[in-house]
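Worksheet for the structure shown next.
The values are calculated or read from the model by the stated rules, or taken from the named source; none is laboratory data. Here the structure is a predicted model, which means the values were calculated and not measured. Cβ coordinates were reconstructed from backbone atoms using ideal geometry, including for glycine residues, and neighbour counts include every protein chain displayed.
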Amino acid sequence: MTQDIEVCGGDYEHTLGFGTPHEATPRLRYTITALGELSRRVLSGDAFDVAEYSLANYIMLKDRGDDRLTAIPVFPSRAFRNASVFVPVGSALHDLRDLAGCRVGVSDFAMTTAVWTRGHLSDDVGLDCKSIDWVTGGNPRFAAPGGVRATATTDDLETLLLDGKIDALMAGRPRDQQLPPDQRRLRFLAPDTEAIERRYFSTTGLFPIMHTVVLHARIAGDPQTSQRVFEHYVQTKQTALKRRLSTSLLPFSDRAWDHFSSPGGPDPYQHGLTELNRRNITTLSRYLLEQGFIRRAPDIDALFVPGSALWRDR
């Protein structure tokens, strides 16, 4: 294989410098790509080599017997989604349990963010998400499972929320949160989401995985190339850790680095099938099973390129 291999993914500090122009062929090129567009390309069968992709959706495809994709144990996107539910500033809702019987918008019922959030709501506050009337975006990747009350709309969900036509919105980061704080019209439903997330991390040690990296069949069949892709992700992540990227821009960020990335301390973005990553994937898989997206819990090793359980994150 001599042709350059394009690796498509998000714009992250921990992928800066991925690939070099002078290395042995095939050369790896990292192309920053909008993740929504990338998901559509992967699902539609459009040409790609290596792509970042929803871990939840990948597990769902495998459960359905779809073997077009093979993943490597790289996890470039993680986020806490314990309380990713937003309401208008003046809403009467102030507790996650209040969502029972409400109309809740979610752009895609099967997206990884929503799977994690519903799982947390079930585990942490005992909320039965089938008690919610869901309003979903009009172009879902996968249909909502049976028994879920879901209505699709082509209207903008954030606008529906502000107009009072739905009660809450489950989302990673609504547009409203990109405004200056004094201009925001939405708030987190839970009063102290950071405390909830810190307690979860302290208790479980899990930084929830959002995405993995999938290979086209022609790449997955070349074990040397797939391992090189893995090693490049490891190398750029390790460089970012050593340079303590992002600590120079935000107040107090250096203290966060000291806490989470001290010498010999835990690596919150570790790649490979480590014990911690296995627990992470097992938790997400349990949520997928409980929410009706898959029929059985997957064999974690079988989800990834054969032999990759031996690959190590330096």
Next item on the list: Please work out which residue is farthest from Asp108 (Cα to Cα), limiting yourself to the range 172-207 and to residues that are out of contact with any Leu (no Cβ under 8 Å at 6 or more places or on another chain), surrounded by 13 or more Cβ atoms within 10 Å (Cβ to Cβ) and hydrophobic (A, V, I, L, M, F, W, C).
Entry: Phe201
Check: Which residues, taken from the range 88-113, are among the aliphatic types (A, V, I, L, M), in a loop (DSSP other than H, G, I, E, B) and either in the same structural domain as Phe293 (by TED's automatic domain parsing) or within 22 Å of Ser285 (Cα to Cα) (or both)?
Finding: Ala110, Met111
Next item on the list: Could you check the range 188-251 for helices (runs of 4 or more DSSP H) lying wholly inside it with 2 or more residues that are among the basic types (Lys, Arg), more than 20 Å from the chain's Cα centre (by Cα) and modelled with pLDDT under 95?
Entry: 223-243
Check: In the range 260-280, is there at least one residue being part of a helix (DSSP H, G or I) and modelled with pLDDT under 90?
Finding: yes
Notebook entry, point to check: Which number in (1) within 30 Å of Leu310 (Cβ to Cβ); (2) of a type in the set (Phe, Trp, Tyr); (3) assigned to a loop (DSSP other than H, G, I, E, B) marks the one condition that Trp116 misses?
Noted result: (3)
Checklist line | Unmet requirement for Leu215, which otherwise passes all of (1) assigned by TED's automatic domain parsing to the domain that holds Ser91; (2) touching a strand residue (DSSP E or B) at 6+ places or on another chain (Cβ under 6 Å) | finding: (1)
Notebook entry, point to check: From the list Arg198, Arg184, which one is without any contact (Cβ under 8 Å) to a residue 24 or more places away in the chain and either within 22 Å of Phe80 (Cβ to Cβ) or out of contact with any helix residue (DSSP H, G or I) (no Cβ under 7 Å at 6 or more places or on another chain) (or both)?
Noted result: Arg198
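Scan the range 61-108 for residues that are of a type in the set (A, V, I, L, M, F, W, C) and in contact with a Pro (Cβ under 9 Å, 6 or more places away or on another chain) and report the count.
Within the range 61-108, the subset of a type in the set (A, V, I, L, M, F, W, C) is 61, 69, 71-72, 74-75, 79-80, 83, 85-87, 89, 92-93, 96, 99-100, 102, 104, 106.
Going one step further and asking which of them are in contact with a Pro (Cβ under 9 Å, 6 or more places away or on another chain), we end up with 79-80, 86.
Residues flagged as of a type in the set (A, V, I, L, M, F, W, C) and in contact with a Pro (Cβ under 9 Å, 6 or more places away or on another chain) within the range 61-108 amount to 3.
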Notebook entry, point to check: Just wondering, is there one or more residues in the range 47-62 that are modelled with pLDDT of 95 or more, within 20 Å of the chain's Cα centre (by Cα) and of a type in the set (S, T, N, Q)?
Noted result: yes
